[in-house]
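What follows is calculated from the coordinates using simple rules that are stated; it is not laboratory data. In this text the structure is predicted, and so the values were computed from the model without any measurement. Cβ atoms come from the backbone with ideal geometry, glycine included; neighbour counts cover every protein chain shown.
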Amino acid sequence: MTKRTMKYSKIRLAAAAFACILLVGFSGCRRLRQPAVNRPAGTSSGWALDDGQHATVANYKGKVLLLDFYATWCDPCRRETPSLVALHQKYAAQGLEVIGLNVGGEDDYEQVPAFKQEFGIQFPLAVPDDDFVDQFLGVNLNIPQTFVIDRQGSVVKHFVGYGEGRAAEVERAVQAALQTQ
């Protein structure tokens, strides 16, 4: 069993999601800790794209980056995905890059192509490095988690969970980030 399998297994993420639902209700997990916003997101770790390339936040400097940590089996993640697809379509020409980062465990990776097709996803779906997951999610492994990173590479907004009104909040954060230079 690899470090990733042990640390980010479906069982552990499902348990965290279940605990979150018990704590805050079925509307989606709300923020359980204060996110570190307005801080540089730069790191040497990043994610592996399906074409074999490795990317980091620094590769997207000058663009607004939306990083979404998800799993194909996660119901709130599935409910969130159509809004991410719409954001990508609406704002890509203005400099928005959406990256889906699968933290569902090794057994979830084989589900990604069907997930991508089911939702008509045109943005990259990747697998994050363990260090990158640790840096962004820390001890809060609830998913989905969405980070909006401005053109200078700083996290400007962090969302945990998905519920009513969240799509509009994310879009407002993206619009604000796109207006900055």
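Amide H to amide H, which residues 5 or more places from Q111 or on other chains are under 5 Å from it, using H placed in the peptide plane?
For Q111, no residues qualify.
In what order do R166, R78, R172 fall by count of nearby beta-carbon atoms within 10 Å, going from fewest to most?
Going from least to most buried by this count: R172, R78, R166.
Provide I99, I121, I143 in ascending order of the number of other Cβ atoms located within 10 Å of each residue's Cβ, fewest first.
Lowest count first: I121, I99, I143.
When a footprinting reagent is the concern and you count Cβ atoms within 10 Å, what order do T180, T146, T72 take, fewest first?
T180, T72, T146
Mind giving me the FRET efficiency for A58 and A168? R0 is 41 Å, r the Cβ-Cβ distance, nearest 0.05 is fine.
Computed FRET efficiency for A58 and A168: 0.85.
Give me, ordered by chain and number, the residues 5 or more places off G46 or on other chains with an amide H under 5 Å from its own placed amide H.
Amide H neighbours of G46: D129, F132.
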